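*Asks:* Here it is: the structure, laid out below.
Just so you know, all these numbers are worked out from the coordinates, no wet-lab data involved. Fair warning: this is a prediction, and the values are worked out from it, not measured in the lab. Neighbour counts run over all protein chains shown; Cβ positions are idealised from the backbone, glycine included.
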Amino acid sequence: MKSDDIKREVCAGKQKRGLAYAFRFSAVYILIGAAGIILWEFIVLKITENTMFSLFLIQNSEWFFLLFTALIMFYIALRFIFRDRQYIQLLLNQKQQLKLYATVFERMQEGLMITDKNKRIVKINPAFTRTTGYTAKEVIGKSAGILKSGLHHRNFYKKMWESIYTTGKWQGEIINQRKNGEFYPEKLSINSIKNNNGEIENYIGIFTDITNERKAEGKIDFLTYYDPITHLPRRKFFLAQAQQLIEQTDKPAVMMIEINHTEHIENTKKSSMFDEILQAISLRIQNTFSDHMIGRVGTKEFAIAFDVQTADEIPEDLAQRLKENIEKKIVINQDEFFIRANIGIALGDLGTETAEQLYHNALMAKSYAVSSQMAYKIYDQKMQRSFDRRLYLEKELPKAIERQELTVFYQPKVLLETGELSGLEALVRWDHFRLGMVPPDELISIAEETKYIHRIGEWMLREVCKDIQNWDKQRLHIPQVSINLSPVQFFDDNLIHTVKTIINQYHISPSRLEFEITESISMFDIEQIDQKLYDLKRIGVQIAIDDFGTGHSSLVYLQRLPVDVVKIDRSFVMDIPENQGHIALTKAIVAMAHELGLKVVAEGIETIEQQQFLQSLQCEMGQGYLYSKPVPGKEVPLGCFEVV
């Protein structure tokens, strides 16, 4: 139906309603008039006794009727007609105001955006489209975060919304991103709109593009090409500079650095310190490579382009020195942070590679170094196959539990004094249907990087509790089972609840479980980890520090954390008695642990001589191939552990 037809129908409807109202009004008036004419004489004779006065009223009844109806008409005019005219005038005024507001909304130079209480865009004006490049169709219903540039730390937005929630408004400068990816600075004011109940219903944001102002001040180019936190070139500008270097040298190289163990800083109350840590690391890189091209190419990634021929050291030595400098302790506001770095290096020849190719190769080498827990790695052709394998395993890992490819193996721990079984260590193994047995280090590395470690950790705890329950039914008493707990799992808010739930589900005594944490856990947020460990201790489980002596050892952390057991890393035990240095370190670790009231487990025992040496130190427990290799859970009841 056409719009003109619709308008005619609406007008016709209004006329019909108007006629009906007029007929009703006239009918009421006729009834009142007829009643007055018929009843007037009767009423007059009934209420008056004076015949002369009655006669006067009857003779002048027309005038009295006129007066009476005039009063009625006065009341109607005052009560209804005048009120309706006022209401109509109010509507006309409001319509005029809305038309004025719509004109202002459409023609204002500032961009305007209205969102609902969930920050979903419901209305924009033409200036919004001119500034950002987004049309109404592209953003209506989308989150206002579609404009985020990624240049502001989460603390910036947190403070902004705190101001809006507490004061109802916020005003300041912000850098946003247009549809074409270009960054631009704007002055922004946000106000909250509340209903009659005081509840927020909408937010209104009004912004002005101040690109021209900042261009005049010379700041736009900096935002486009340089990272505002470290003042280093961004990826695009870094690659452009690196390309110029590659075209001028015979032996170009690109080095990629990824900093790790920063999740606790980003995800906790110390998130405001993340920028300061990045700045500190940036300075350390610049001090190491003072004459080379450096860029910040990712949230936690830096890149260096240099000429191998003019460098003071070979790339391997440079990488090792850089790693040592980055991993030195960082102190901010009396808080200590230990950052890990993994480095990938790509070497090129004159004219054979572009900056993009070298960058890609260095990125692949860095990923290999991360997954292999290596300090650094130089790219080679074989790495592509390894990289493809890792990508394949990352996709396959979520299917491993459903396909029942994961299995729990157990390795015994023995009381060195008596030779009795003191417990088992649970170890996860992945037997892929196509690739066969996946190395444990590769499995854990992929699980931690993909965060699938949370799912595997929960599955493993269930399997261990289920096995303990079955062993008890078979009257095979296993005193205790140790389970490795990844540092990544400490940032799972449901960790404590999950442990409690599973233990209660299988009716296992908490004291029969021990969680092993690696010594490198001290590099994470010690306050958060400390709290989680105490929560685990309150459940009743025991805590052991695994691989002790290989990482950033700290007696302060060892005294502070609720630890029951220290496990000496196998690297110290395996070459005893040949290595005198490791003998001395092993003695020191055992003595220190005993001084702190902790028990000691020595890993990697393979010979009688190693066992006897550890017995002489009064080391309580041992573990290694001398006693048994790890075996599947179903083989534990078969008595396969031959204690020496």
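*Asks:* Please give the FRET efficiency for residue 313 paired with residue 539, using the beta carbon to beta carbon distance and R0 = 35 Å, rounded to the nearest 0.05.
*Replies:* Plugging the Cβ-Cβ distance into 1/(1 + (r/R0)^6) gives 0.10.
*Asks:* Give the separation of the Cα centroids, the range 479-498 to the range 136-205, in Å.
*Replies:* Rounded to whole Å, the Cα centres lie 38 Å apart.
*Asks:* Taking the mean number of other Cβ atoms within 10 Å as a proxy for protection, how do you rank 157-166, 444-453, 573-582 from highest to lowest?
*Replies:* So the order, starting with the most tightly packed, is 444-453, 573-582, 157-166.
*Asks:* Another question about this same structure. For the pair residue 578 and residue 474, what calculated FRET efficiency results from E = 1/(1 + (r/R0)^6), where r is the Cβ-Cβ distance and R0 = 41 Å, to the nearest 0.05?
*Replies:* E(calc), rounded to 0.05, equals 0.45.
*Asks:* Moving on to the next point. Counting Lys and Arg as +1 and Asp and Glu as -1, each charge on the Cβ, what is the dipole of the range 230-380 about the Cα centre in debye, to the nearest 20?
*Replies:* So the dipole magnitude of the range 230-380 works out to roughly 540 debye.
*Asks:* Rounded to whole Å, give me the distance from the Cα center of the range 326-398 to that of the range 433-459.
*Replies:* Here the two parts' Cα centres lie 19 Å apart.
*Asks:* Sticking with the crude label model, points 7 Å out along Cα→Cβ, report the distance from residue 212 to residue 431 in nm, one decimal please.
*Replies:* With each label placed 7 Å out from Cα toward Cβ, I get 7.3 nm.
*Asks:* With labels modelled as points extended 7 Å from the Cα through the Cβ direction, what inter-label distance (nm, one decimal) is found for residue 107 paired with residue 395?
*Replies:* Distance between the two pseudo-spin positions: 5.8 nm.
*Asks:* Here's something else I'd like to know. How large is the Kirkwood hydrodynamic radius of the range 230-380, in angstrom, based on all distinct alpha carbon pairs?
*Replies:* Radius from the Kirkwood sum: 15.5 Å.
*Asks:* Can I ask one more? What is the Cα coordinate range of the range 369-421 on the first, second and third principal axes, sorted by size from largest, in whole angstrom?
*Replies:* Reported extents, whole Å, longest axis first: 53, 34, 14.
*Asks:* I'd like the FRET efficiency for residue 204 and residue 275, computed as 1/(1 + (r/R0)^6) with the beta carbon distance as r and R0 of 41 Å, rounded to 0.05.
*Replies:* Between residue 204 and residue 275 the formula returns 0.85.
*Asks:* Can you give me the long-range amide H partners of residue 486? Hydrogens built in the peptide plane at 1.01 Å from N, cutoff under 5 Å, separation of 5 or more residues or another chain.
*Replies:* Answer set, sorted by chain and number: none.
*Asks:* In terms of the Cα gyration tensor, with a ≥ b ≥ c the square roots of its eigenvalues, is the range 400-638 rounded because a/c is under 1.5, prolate because a/b exceeds b/c, or oblate?
*Replies:* The shape class here is rounded.
*Asks:* Using +1 at the C-beta of Lys and Arg and -1 at the C-beta of Asp and Glu, which of 531, 506, 481 has the Cα lying farthest in the positive direction of the dipole of the range 433-545?
*Replies:* Comparing the listed Cα positions along the dipole, 506 ranks first.
*Asks:* Just in the range 276-327: which GluC sites (Glu not before Pro) are loop by DSSP and have at most 12 other Cβ atoms within 10 Å?
*Replies:* Filter output for the range 276-327: 313.
*Asks:* Once you sort the root eigenvalues of the Cα gyration tensor of the range 432-479 as a ≥ b ≥ c, which label holds: rounded (a/c under 1.5), prolate (a/b larger than b/c) or oblate (the other case)?
*Replies:* Since a/c reaches 1.5 and a/b is larger than b/c, the shape of the range 432-479 is classed as prolate.
*Asks:* With the crude spin-label approximation of a point 7 Å out along Cα→Cβ, what separation in nm comes out for residue 241 versus residue 142?
*Replies:* So the two model labels end up 3.2 nm from each other.
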